[in-house]
């Protein structure tokens, strides 16, 4: 028995409960009623509602293989209706590149470490807030998200939020965030919308790209914008007033570039080439005339079909990456239809871009997928076309449907979601993530295709693996559980059975058919991340159907992906700034008729490693291989009781809408969450509790002594209390040694 197993056994015998690790703030709750109004910033108020800077501290997140990441809400949506805590989320993205050697964007940031602290001028307690400087040098990246709501005047509110995030690589758990309202579609509640906005992309300097139209003639304000439009807001230049988008352009004209004006040709939500690599911000995108569109000179766009040789058309938005697979300053990709495909979306076109966004001559390739793709390490097959580009995604995003990556051997990777050919409709629930691997020096050569994730009409799906022991269910105390090794040998006494499987969407939400998984995002080592419907094993033989964030662990030697659970609905995390635990309650996959714009697309992450570290210096599954990832989620803080009172009750009861707990003091928000590396690249030795320079059993005994004394030195997850979650934190440090 390993030392780790001994510790697990002792803790289990001691009767500890299952752990729940936990812009992070709640209101001062001064109204004496339920949790409303909350502390989300007002959509149309000037000042901090339009631009504010604050610290968000990440808290640990553990995958089912024990991989340690960090998570934090970085952009909370704004408040547009009095009956709800905040607006709903739509498409979102992270910058393709991470800028290095950057001083903090803002001179100072608000910091709070307990409930009631925040930046809301009326619902936060300023006595709990201090001002701190950001790092003098570090990394910077951009994030962005679209939000929507029906406001108190019954109008369709729709806005674009940008976040400029700075991080000191020596302290990666602390994020310095500047939140900027980039664009609005009306000037106040009930005034009437002059546009409808679809989020596209953002770069590391905060340049934010989106499309605008008149909602198919449904806008109620004047002057309503006409036809198809692409805007860029230079968020770094935004002030503290509104930036309403209408047929006059942006009301903050000094920060707004109107790139495509009133075009009668349909344009997809835009991508970009980052200003940090191109020398200026550059728009790239796709249009409905089968062309690639790029900003050949500042404010001037050109078109070409050179991005898709051998293809007759493309589908969806452009996916882009900081990777330079073929030279240039980056790589872009789009789903396409090969000349011999009979109108089927059977291919991915991939090309190098230069500093103007143009296709690098001779560096564009169309990789055709075989009709049937087989999983190389589990018994799955799928036959069907690429999809995820229909319905509102054309107008609302996300961006894009084709993902680009590179593995540790320098091979190029592309991926997309295919739909089972037997149904092949926008709501097809039976899907697979297909990955193509090729030599960038010879992409026209043999392309290997593999099925990385799948579910089927027989209600089977690829296994999700973890360290839950013989029965696959957590906290049942069976052999192999939490011994620090995912044992895949069924004949082993410490065998870890699959903890669940990928599922069909309707198994989770019976009223929605499909699709059942989002587009994937690659990290710097070729691992991939996506949201999917899952069925997870629980004690007592129960299968719990949810949506979940999944990590596909890539084995370059076998071209195999094995699945790791990262987040499931119901997971709770301790907010480092609010001082309260919150629960993840919803992650979108699909809406009523297609893939949802609020789920993940390829633009949700970067293919750079953390802090632009050379991926060759990292292990295949090192958390630092992920330079960053964003997801939209609904979450609720345990801020009080179900029928009033400010004492948390380990229940997460949203008092809004058709809630059964209208008197609950809990607070429910929607936000963009950032997930990434939480540890410095040069890690000290926190498990060396006796200070002798090595980690051994004597440190375990010291841990037990400190744990029994509730000593704050073993508050490893920094939540202010010593409990079972700190034990799991200690185990990870203990296994890492010095």
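Coordinate-derived values only; no laboratory data. Worth saying up front: this structure is predicted, and the values here are computed from it rather than measured. Every residue, glycine as well, gets a Cβ built from its backbone with ideal geometry; the counts of neighbours run over all protein chains shown.
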Likely footprinting exposure, 363, 538, 462, fewest C-beta neighbours within 10 Å first: 538, 363, 462
Whole-angstrom gap from region 465-513 to region 83-149, using each part's C-alpha centre: 37 Å
Spin-label model distance (nm) - residue 511 vs residue 476, 7 Å beyond Cα toward Cβ: 3.3 nm
Residue order, fewest to most surrounding Cβ atoms within 10 angstrom, among 411, 102: 411, 102
Fully extended contour minus Cα-Cα distance, from residue 738 to residue 227, at 0.36 nm per residue: 177.9 nm
Projected label distance in nm at residue 377 and residue 355, using a 7 Å step from Cα toward the beta-carbon: 4.1 nm
Extension gain from residue 560 to residue 492, taking 0.36 nm per residue of separation minus the Cα-Cα distance: 22.3 nm
Label-to-label distance, nm, for residues given as residue 710 and residue 296 (7 Å Cα→Cβ offset): 7.1 nm
Sequence of 94, 566 once ranked by neighbouring C-beta atoms within 10 Å, starting from the fewest: 566, 94
At R0 = 25 Å, FRET efficiency that the Cβ-Cβ distance of residue 448 and residue 266 yields, to 0.05: 0.15
Difference of contour (0.36 nm per residue) and Cα-Cα distance, residue 46 to residue 408: 125.5 nm
